[in-house]
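The structure appears right after this line, and notes come after that.
The values are calculated or read from the model by the stated rules, or taken from the named source; none is laboratory data. Bear in mind that the values here come from a model prediction, so they are computed numbers and not experimental data. Cβ placement follows ideal geometry from the backbone for every residue including glycine, while neighbour counts extend to all protein chains displayed.
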Amino acid sequence: MNKNLLFSMLALTACAFADGDTTNSSILLADDNLVAGRMDSDCKPKPVECKPKPVECKPKPKPCEPCVRKGMAPIVLTSSRPCDDIGLYIFADALYWHADVTNAEWAFVNSTGTAAPASGANQELAFKWNWGFRVGIGYEFDHDQWDSDIYYTWFRNNSTGSGKGSSNSTGFTVGAPGAASSLNTDSSMVPGTVATGSATAKLDFNVIDWELGRSFYISNSISLRPHVGVKGAWHKLTESESFTGTGVIASYASSDETKSWAVGPSAGINSNWYFGCANTMPVGRNGEVKDRPGFSIFGDVSGALMYGHFKNTHSESGATAAGAVAGGFTASGLNRNLMVPVLTGVMGLAWDMCFSCDKMHLGIRAGYELQYWFRQNQRFSNFNTAGSLGESAAAPRHTRTTGDLALQGLTIDVRFDF
């Protein structure tokens with residue numbers, strides 16, 4: 001009873017100190033909750049709703065599906081490979097080529113026979129025309145209509161150069177007085193005593209190529225095939241010279257050999273320029289592009305930059321009329337590594353035909369091909385000025401000279417797709 005009276009008085013006291021405006025005042029009531037020492041309030045804070053931002057879920061592209069920017073589309077050029085089919089193809093080439101080697105002078109012939117002024121011409125190695133071949137195999141893929149092939153090129157060539165004269169003149173000029181001297185050896189033969197001279201050379205040429213390309217039309221009558229690949233080669237170039245005379249040294253001979261291998265990346269582009277109304281690109285009823293058999297002018301260019309290793313040997317020997325050794329020289333440590341640039345090109349006429357419901361193809365091409373190989377003739381020169389015209393002091397020049405290799409000639413190609 002006393003406790004209730006005390007709490008009632010406290011409540012009335014709180015109301016007395018409150019603001020006079022009873023409508024805006026808080027009235028404390030004493031009830032059982034106050035008796036228990038607790039007060040309830042109607043001002044409970046509202047919970048804050050935290051909504052996470054939605055995550056944009058982009059679907060992953062399907063395998064082999066190109067990912068392009070919005071608003072852009074890839075440009076796909078129509079394939080121009082023969083009959084537009086998938087499968088193997090083989091080809092074989094007949095080569096009728098001629099080789100030229102720079103830095104191939106081996107003797108000087110003086111028609112006047114006097115030291116000063118001297119007048120004459122250098123004797124140079126001259127290669128013959130010869131046959132070679134090229135064989136290869138390839139495959140046309142379904143993936144973006146790519147194609148790939150590998151092929152091997154084989155060629156051999158020989159060179160000769162010789163001349164004869166009377167006993168008191170060189171064999172390289174008709175009539176006396178005449179004289180001759182070697183341009184690459186340490187021969188001490190007196191030029192006026194040289195009677196004959198001869199030189200030979202032999203080239204072994206081997207190349208293997210791998211290419212990856214794609215053929216496509218850029219207009220109704222022009223197609224291109226860009227390609228990349230790897231080129232490898234191994235060559236052997238042998239040169240020999242010999243002289244005979246009537247002096248103390250009756251004969252003198254020398255031999256040079258260069259063995260090399262090289263490998264490196266290659267790239268190029270092939271083109272076909274179709275002509276005639278029958279050779280425009282036909283389109284089927286449903287818009288598909290069909291095969292285009294017929295005639296075309298073709299032109300191919302390519303290049304390679306190869307890392308090569310060259311192994312060189314050089315030797316000389318002389319003899320008297322009795323057969324005794326008279327002079328000689330052998331060089332060692334001539335190996336070296338070099339970068340080897342290569343340029344190739346061919347142009348001619350082509351004919352193509354599809355048959356067996358466009359599942360097979362036969363193509364024939366005939367053109368003129370050129371290849372230029374830099375730094376292939378790594379020749380060692382041991383020229384002795386004591387035996388040359390116009391100089392009397394003995395001063396052998398042991399130097400390396402570099403020459404290039406050029407190949408040119410007719411190429412006939414037959415290709416069969418199946």
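Is it true that ARG375 is assigned to a strand (DSSP E or B), at pLDDT 85 or above and of a type in the set (Lys, Arg)?
In short, yes.
Which is within 30 Å of LEU334 (Cβ to Cβ), surrounded by 14 or more Cβ atoms within 10 Å (Cβ to Cβ) and at pLDDT below 85, of SER266, SER251, SER260?
SER251
Got a sec? Which of LEU343, LEU334 is in contact (Cβ under 8 Å) with a residue 12 or more places away in the chain and not in a strand (DSSP E or B)?
Step by step, each of LEU343, LEU334 is checked, and only LEU334 is in contact (Cβ under 8 Å) with a residue 12 or more places away in the chain and not in a strand (DSSP E or B).
Checking VAL207 against (1) in contact with a strand residue (DSSP E or B) (Cβ under 7 Å, 6 or more places away or on another chain); (2) modelled with pLDDT under 70; (3) more than 21 Å from THR401 (Cβ to Cβ), only one condition comes out false. Which one?
VAL207 satisfies every listed condition except (2).
For segment 382-397, does any single residue satisfy the condition of being modelled with pLDDT under 90 and within 28 Å of the chain's Cα centre (by Cα)?
no
Could you check how many residues of segment 326-341 are surrounded by fewer than 14 Cβ atoms within 10 Å (Cβ to Cβ) and at pLDDT below 85?
Matching residues across segment 326-341 total 3.
Which of the residues spanning segment 200-227 are closer than 18 Å to SER79 by Cβ and assigned to a strand (DSSP E or B)?
Of everything in segment 200-227, those that are closer than 18 Å to SER79 by Cβ and assigned to a strand (DSSP E or B) turn out to be GLU211, LEU212, GLY213, PHE216, TYR217, ILE222, SER223, LEU224, ARG225, PRO226, HIS227.
If we scan segment 122-139, do we find a residue that is closer than 28 Å to SER315 by Cβ, at pLDDT below 80 and not acidic (Asp, Glu)?
Among the residues of segment 122-139, at least one is closer than 28 Å to SER315 by Cβ, at pLDDT below 80 and not acidic (Asp, Glu), which makes the answer yes.
Quick one: in segment 356-369, which of the residues that are in a strand (DSSP E or B) and touching a Cys at 6+ places or on another chain (Cβ under 9 Å) is nearest to PHE295 (Cα to Cα)?
Here the residue is LEU362.
Going residue by residue through segment 306-317, is there one that turns out to be in contact with a Gly (Cβ under 9 Å, 6 or more places away or on another chain) and at pLDDT below 80?
no
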